[in-house]
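Down below is the structure, laid out as structure tokens.
The values are calculated or read from the model by the stated rules, or taken from the named source; none is laboratory data. All of these numbers come straight from a predicted model, not from anything done at the bench. Glycine gets a Cβ as well: all are built from the backbone with ideal geometry, and neighbour counts include every protein chain shown.
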Amino acid sequence: MGPVSYDALLWLSFGGPEGPEDVRPFLENVTRGRGVPPERLDEVEQHYLHFGGVSPINRLNREAIAAVEPLVDLPVYFGNRNWHPMVEDTLAEMKAAGVRRALVFPTSAYGGYSACRQYDEDILRARAAVPGAPELVKLRQFFDHPLFIESFAESVRVAGEAFEDYRLVFTAHSVPVSADKAAGPPAEGGHRYSRQVAEASRLVASALSIAEYDVVWQSRSGPPQIPWLEPDIVDHVEALHAKGVANVVVCPIGFVSDHLEVVWDLDTEARDRAAELGMGFARAATPNGDPRFAQLVAELVAEMTSGAPARKLSSFTAAGCTVNGEPCAPLCCEPAKRPAR
Ligand SMILES: CC1=C(CCC(=O)O)c2cc3nc(cc4[nH]c(cc5[nH]c(cc1n2)c(C)c5CCC(=O)O)c(CCC(=O)O)c4C)C(CCC(=O)O)=C3C
Ligand SMILES: [Fe+2]
């Protein structure tokens, strides 16, 4: 298929509350039908209220969009899965403006149900809500794009300047072990999410010539009896301390911006624990504010609009690019069976 024309870019993200009264309804939207225990919700509500009920995520997305707009020859629209502007409303607005076929940039670099397939479900849901909706073509996963890797490598380098010597620890959002097992098309053998996180981490470490590092997980949710990817970042900081590690640099490789899980789970919880243990702690910046990130999005767009070559540093399939919410392949990243509640 040669280059085809597109008339807009839809920036599709998670969404977050912008005031205390938004927090509970936002959390209800995120967790509807997902078997997250009410105690966990109460706890997460407190994390948001600690920051006045405002997640930085919407502001950071608006800033990133402003940086991308001058680099792409398309109007950029903003829509979210869980909070306003909701993607259904944005899609209705796009249709009213005469948009016929749009590219979609999902603000996640990885495969897996939560990081990829759920954005396809958002596209399906939004199109079902808007009769005559524009065609929506999702951009590919970018965890191994050189600009993504360079951006993190630079931010780790800057964070590491605080110390003579440190242990580098990559962290990404945990998911249920069953969801990770089901990530990717069945023929690939599963674990596409954790394998991509490990590969991006390896690429960043290798760009810095750092041979020893760890890949850990954060922000575990769900009922305690269901296994999630481990170890947790806070437990890992304790384990490093027990081994005599003096300083740790945490690189949030699983996230593109400093949203709530970064400013709470890392900058608050993990940092406080390190301080109690007398360890040095520095957190590497996320790519969102880096001009390389805007450039990355522009390159992903150019792959589709002018057939520019896909720049990749790994041999993983450049998956995620599908039309109108189709999965990447049959049974790819099938949603896990959720406990009834
Ligand atoms: C893999 C992954 C990403 C990375 C990919 C991507 O970026 O999309 C991600 C991002 C995010 N997750 C976010 C927020 C939340 N995630 C939750 C719950 C969950 N996340 C999960 C996975 C992921 N999540 C899962 C398996 C659950 C359990 C419920 C379910 O199966 O769906 C809950 C419920 C409360 C709780 O239990 O924590 C909240 C509030 C925000 C916004 C933060 C802000 O407001 O700034 C962002 C960017
Ligand atoms: Fe999440």
Inset, instruction - Pairs only if they're at least six apart or on different chains, beta carbon under 7 angstrom, first in segment 15-29 and of a type in the set (Lys, Arg), second more than 7 Å from ligand 1 (Cβ to nearest atom); list them, first residue then second. - result: Arg24/Glu45
Legend entry - Condition met for Val250 (within 12 Å of ligand 1 (Cβ to nearest atom), of a type outside the set (D, E, K, R), closer than 30 Å to Ile65 by Cβ and not assigned by TED's automatic domain parsing to the domain that holds Ala294): no
Legend entry - Evaluation of Glu164 against (1) assigned to a loop (DSSP other than H, G, I, E, B); (2) in contact with a Lys or Arg (Cβ under 6 Å, 6 or more places away or on another chain); (3) among the acidic types (Asp, Glu) (one fails), failing number: (2)
Inset, instruction - Run down Glu238, Glu212, Glu230 and say which single residue is touching a residue at least 24 places away in the same chain (Cβ under 8 Å), over 25 Å from Val30 (Cα atoms) and out of contact with any helix residue (DSSP H, G or I) (no Cβ under 8 Å at 6 or more places or on another chain). - result: Glu212
Legend entry - Positions within segment 34-44 being more than 19 Å from the chain's Cα centre (by Cα) and either under 21 Å from Ser257 (Cβ atoms) or not acidic (Asp, Glu) (or both), in sequence order: Gly35, Val36, Pro37, Pro38, Arg40, Leu41
Inset, instruction - Scan segment 65-84 and give yes if some residue there is within 10 Å of ligand 1 (Cβ to nearest atom), closer than 17 Å to Asn288 by Cβ, among the small types (Gly, Ala, Ser) and at pLDDT 95 or above, otherwise no. - result: no
Inset, instruction - Please find, among Gln141, Gln225, the residue that is within 15 Å of ligand 1 (Cβ to nearest atom), at pLDDT below 95 and assigned to a loop (DSSP other than H, G, I, E, B). - result: Gln225
Legend entry - Residue list for segment 37-56, restricted to those being within 14 Å of ligand 2 (Cβ to nearest atom) and in a loop (DSSP other than H, G, I, E, B): Ser55
Legend entry - Among (1) more than 28 Å from Pro291 (Cα to Cα); (2) within 12 Å of ligand 1 (Cβ to nearest atom); (3) assigned to a loop (DSSP other than H, G, I, E, B) - the single one Ala109 does not satisfy: (1)
Inset, instruction - Look through Val301, Val262 and report the one residue that is outside the structural domain of Glu39 (by TED's automatic domain parsing), β-branched (Val, Ile, Thr) and either within 16 Å of ligand 1 (Cβ to nearest atom) or not in a loop (DSSP other than H, G, I, E, B) (or both). - result: Val262
Legend entry - Given (1) touching a Leu at 6+ places or on another chain (Cβ under 9 Å); (2) within 29 Å of Leu277 (Cα to Cα); (3) away from ligand 1 (no atom under 16 Å from the Cβ), number of the condition Pro186 does not satisfy: (2)
